[in-house]
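> Sharing a structure, written as structure tokens. Questions coming.
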Amino acid sequence: MAITRNGCEGCTEITCTSSKQVLSQEVSKGINTAYDRVKSRGMSACLFGSGGTCCRNCNMGPCQIIDGVEDMIGICGATADTVAARNFARVIAAGSAAHTDHAREMVKGFIETAKGNSPHQIKDVDKLKKLAEVFGIVTEDREVNDIALELGEKALAEFGSQDDEPLSMLKRATPKRQAIWKKLGIAPRGIDREVVEMMHRTHMGVDQDYKNIMLQASRCALGDGWGSSMLSTELTDIMFGTPVPRRSMVDLGVLKADQVNITVHGHEPLLAEALCIAAEAPEMIELAKKQGAKGINLVGVCCTGNEILMRRGIPVAAGFVQQEITLATGAIEAMVVDVQCIMQSVVDVAKSFHTDIITTNYRAKMDGAVHIQFEEHAALESAKEILTRAIKNYKKRGKFFIPEDSKLDVVVGFSHETINYMLGGRFRASYRPLNDNIINGRIRGVAAIVGCDNFQLSDESHEIIARELIKNNVLVLATGCAATALGRAGLVNPEAAKYCGESLAEVCETVGMPPVLHMGSCVDNSRILIAATEMVRQGGLGDDISDLPAIGTAPLWMSEKAVAIGQYFVASGAQVVFQDLPTTGANKFNKYLLEGLMGPMGAHWNVAKDPKEIARIMIEKIDAKRDALGINKKTERVLFDMDMRRDLGSEGLKDVGCHGPAKV
Ligand code: SF4
Ligand code: MSK
């Protein structure tokens, strides 16, 4: 039995039914997965690495520091706190860089769309105009594409801006938060600049004060949350459509025995959207039929999956931890990948089958994969070339196994606009009903469960936390692979109201919404920032995000992006709870993250290993905010009468394009 970095035994056991089913079949015999590798590693993780005190920032090292031991500081004199802070800040810089490079591609794709050089069009004109206003762009009496082009160009300029002016999107934050950023000098300027400055300040012999390092780490993370991630989400919505509630399915049972199965895996939706359009082209369907298939079944993996799930209702087969297992079904003709979270091992797993791994982005190639460059200016042609290669593999398919019963209904598409309409109705869209329900105690608070899944920690954590929260009347917002895991657990569905505490169940049943609202991919955590800010703006819950009875967790974080997200939540005033942080080897710095950030930021990190303990902390923090707001009084329970149902907007889901709670 392996001992993981947490010293925890046995948490590598797979609990997911569909994964277990696939791995128990003859077809997947001999396939080596990450679960096997974690088990066979047979040694504890390096204490210096996991505690954050191994430094290799210069060639006098690597230096392994032991906090409190005189001779065990760096050759240069760097202390454990400096080293751990530099390492932590570099994780944030790397995570922010990933979101930023993704966002830049989306903005460039948006500009090409505005110029008419892509198969896409501006779909959400209302949102375009609202965002244009944020950038000070005149919208009256102008062509849609004209406004979009100016917006795209202004947005692109913010990546490389050398001015000391704060990013335009920061204006969307509460005045109090903007004042905090200004006072601390952490309002991000150019998005790329903050990553560069972070890397510079963590170079040998530059910033050696952990508190000062965390100021820049916050600025860098805010440049991600309120800059690149928010730009990506908003421009993607404008171009591909802002998500509205729709039904779909998750888990490996969405693969189809008699169709060409193609998975799209990664993050940038430009390619996935083009594949969706191309897969409907008559000549592609005809080609599939010629190969003996009944059609083309495009399904998602990881966050590209979440993007097309949210906007098109295309099923998600798997989250991060299931990517190898998806291939081990033997039923995949091609796994088409772009950037981020693609394990190199998928190439090896695919070799046991007829499956092609198709890389599509010059920045992300893999030895042994087929590379077909996706060209945005010829998006449909690229997409068709990729599909053709995949379709032609269908005839080569050998033995396969699809766990057909493993597919769960989900209702997804909860953008912050949807939540607005859903609760307030089309004609009086507002967060007022949500705030009122929090104030009157029907909804105890709001919790975000976001981020990855991970082979080193129990894969049931998301579900355990979510069940505890909704049982205690806490509404859950979910993104990324966490949302997929919660979908697999049957919680992203209005019927899951039966697992809620009485008052949250009543709200969910009245509106017809799930108690876990799927808000999209990992860049879409910026939706949560906007939703939280709207709640503040609506009134009655304080004057900053830090006053809200709201909290986030990324329990199974794997990617550096999750730490960047955690830090932009904290620097925006929202507390977060993770299962571990690579900072435990540095006492003062660790304490600063877990307590000290409260002073300047109004929020801090929390750590708890056990999922039930995470839920307990989240509820405790929510209650503390309710106490501070003076809304934690026990109120007499009031049953919903017809007027209250109308107030809650029981027509909500219908308003945004669906047909009422029962038929969403
Ligand atoms: Fe060692 Fe200092 Fe160089 Fe880091 S920067 S490797 S602590 S000498
Ligand atoms: S894909 S970053 S494992 S959420 Fe966004 Fe999932 Fe985390 Fe990758």
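> Starting from the alpha-carbon convex hull of the range 408-629, give the projected area averaged over all orientations, in nm².
So the Cα hull casts an average projection of 11.1 nm².
> Oh, and also: Mean shadow of the range 19-136, computed from the convex hull of its alpha carbons, in nm²?
Working: hull surface 63.0 nm².
For the range 19-136, averaging the hull's shadow over all directions gives 15.8 nm².
> Give the peptides 535-544, 243-252 in descending order of average Cβ contacts within 10 Å, highest first. Numbers along the way, then the final one.
Details: 535-544: 18.4, 243-252: 24.1.
Sorting 535-544, 243-252 by mean packing, highest first, produces 243-252, 535-544.
> Let me ask something else about it. Tally Lys and Arg at +1 and Asp and Glu at -1 over the other residues with C-beta under 9 Å from the C-beta of HIS120: what net charge comes out? Don't skip to the answer; put the middle values down first.
Values: positive: LYS123; negative: GLU112, GLU273.
That works out to -1.
> How big is the range 263-353 in terms of Cα radius of gyration and Dmax, in angstroms?
Expressed in Å, the Cα Rg and Dmax of the range 263-353 come to 13.0, 34.
> Which residue, GLY319, ASN32, ALA378, has the largest displacement toward the positive end of the dipole of the chain when charges sit on each Cβ (Lys, Arg +1; Asp, Glu -1)?
Value computed over the given set: ASN32.
> For ILE314, what charge total do you get from the other residues with a beta carbon under 15 Å from its beta carbon, if Lys and Arg give +1 and Asp and Glu give -1?
Working: positive: ARG246, ARG247, LYS256, ARG311, ARG312, LYS407; negative: ASP251, GLU273, GLU280, GLU307, ASP409.
Residues near ILE314 contribute +1 overall.
> Among the DSSP beta bridges whose two residues both lie in the chain, what percent are antiparallel, rounded to the nearest 5?
Details: 9 of 47 bridges.
The antiparallel fraction comes to roughly 20 percent.
> Okay, moving on. State, in angstrom, two size descriptors of the chain derived from its alpha carbons: Rg to one decimal place and Dmax to the nearest whole number.
Just the Cα atoms of the chain yield Rg and Dmax of 24.1, 73 Å.
> Sticking with this one: Just the projected area, averaged over all directions, of the convex hull on the alpha carbon atoms of the range 356-401: how many nm²? Don't skip to the end; give the middle numbers.
Values: hull surface 16.2 nm².
Mean orientational projected area (the range 356-401, Cα hull): 4.0 nm².
> Right, here's the next one. Enter the per residue convex hull volume of the range 68-240, computed from alpha-carbon coordinates, in Å³ rounded to the nearest integer.
Numbers: hull volume 20.2 nm³, N = 173.
It is 117 Å³ per residue.
> Please report ARG442, ARG397 as a ranked list, fewest other C-beta atoms within 10 angstrom at the top and most at the bottom. Walk me through the numbers on the way to the answer.
Working: ARG442 24, ARG397 20.
Final ranking by Cβ density, sparse to dense: ARG397, ARG442.
> Only four residue types carry charge here, +1 at the Cβ of Lys and Arg and -1 at the Cβ of Asp and Glu. Report the dipole size of the range 68-240 about the Cα centre in Debye, rounded to the nearest 20. List each step's numbers first, then the result.
Numbers: 22 positive and 27 negative charges, 88 e Å.
With only Lys, Arg, Asp and Glu charged at Cβ, the dipole is about 420 debye.
> Scan around ALA334 for amide H atoms under 5 Å from its own, H built in the peptide plane at 1.01 Å from N, and keep only partners 5 or more places away or cross-chain.
Those qualifying (amide H under 5 Å, at least 5 residues apart or on another chain) are THR263, ASP356.
> For ALA281, what charge total do you get from the other residues with a beta carbon under 12 Å from its beta carbon, if Lys and Arg give +1 and Asp and Glu give -1?
Values: positive: LYS384; negative: GLU280, GLU283, GLU286, GLU381.
Its environment carries a net charge of -3.
> Out of residues 5 or more away from GLY445 or on other chains, whose amide H comes under 5 Å of its own, with H placed 1.01 Å from N in the peptide plane?
Result for GLY445 returns LEU475.
> Got a sec to turn the phi values of the range 175-189 into Karplus ³J(HN,Hα) couplings, 6.51 cos²θ - 1.76 cosθ + 1.60 with θ = phi - 60°, whole Hz, x for Gly and Pro?
For the range 175-189, the Karplus curve yields x, 5, 5, 4, 5, 4, 4, 5, 4, 7, x, 10, 5, x, 9 Hz.
> Nearest 500 deg cm²/dmol is fine: what mean residue ellipticity at 222 nm does the chain get from its DSSP H runs of n ≥ 4 alone, each adding -39,500 (n - 2.57), divided by its residue count?
Working: 28 runs with 295 residues, N = 664.
So the helix-based figure for the chain works out to -13500 deg cm²/dmol.
> What is the distance in Å between the Cα centroid of the range 316-388 and that of the range 162-203?
36 Å
> For ASP524, ASP67, what ranking results if the residue with the fewest other Cβ atoms within 10 Å of its Cβ goes first?
On the way: ASP524 28, ASP67 20.
Least to most surrounded, the residues fall as ASP67, ASP524.
> Now, a different point. What would the Debye equation give as log₁₀ I(q)/I(0) for the range 471-571 at q = 0.14, 0.17, 0.25 Å⁻¹, counting only Cα atoms as equal point scatterers?
At q = 0.14, 0.17, 0.25 Å⁻¹ the computed log10 ratios are -0.59, -0.86, -1.35.
> Based on other C-beta atoms within 10 Å, arrange GLU324, GLU613 from fewest to most.
Placing the least packed residue first, the sequence is GLU613, GLU324.
> Could you give me the radius of gyration and the Dmax of the range 172-305, taking only the C-alpha atoms into account and expressing both in angstrom?
22.2, 66
> Given labels modelled 7 Å from the Cα in the Cβ direction, how far is it in nm from SER24 to ASN587?
Placing both labels 7 Å along Cα→Cβ, they lie 5.0 nm apart.
> Still on this model: Would you kindly derive the ³J(HN,Hα) couplings of the range 313-327 from the backbone phi angles with the Karplus curve 6.51 cos²θ - 1.76 cosθ + 1.60 (θ = phi - 60°), listing them in order in whole Hz, with x for Gly and Pro?
Once rounded to whole Hz, the list reads x, 6, x, 9, 7, 7, x, 3, 6, 9, 4, 6, 5, 4, 5.
> Where does the range 238-392 land on Rg(C-alpha)/(2.2 N^0.38 Å)?
Working: Rg = 14.0 Å, N = 155, 2.2 N^0.38 = 15.0 Å.
After normalising by residue count via 2.2 N^0.38 Å, the value is 0.94.
> Taking θ = phi - 60°, what integer Hz values does the Karplus form 6.51 cos²θ - 1.76 cosθ + 1.60 yield along the range 130-140, in sequence order, with x for Gly and Pro?
Running phi through 6.51 cos²θ - 1.76 cosθ + 1.60 with θ = phi - 60° gives 5, 5, 4, 4, 4, 8, x, 9, 6, 10, 5 Hz.
> Oh, and also: Is there a quick way to get the dipole size of the chain? I mean about its Cα centre, with the Cβ of Lys and Arg at +1 and of Asp and Glu at -1; what is the value in debye to the nearest 20? Don't skip to the end; give the middle numbers.
Values: 75 positive and 83 negative charges, 162 e Å.
Dipole magnitude for the chain comes out near 780 debye.
Values in this text are rule-based calculations from the coordinates and carry no lab data. Model, not experiment: these values are computed from the prediction. Using ideal geometry, Cβ is built from the backbone for each residue, glycine included, and neighbour counts are taken over all protein chains shown.
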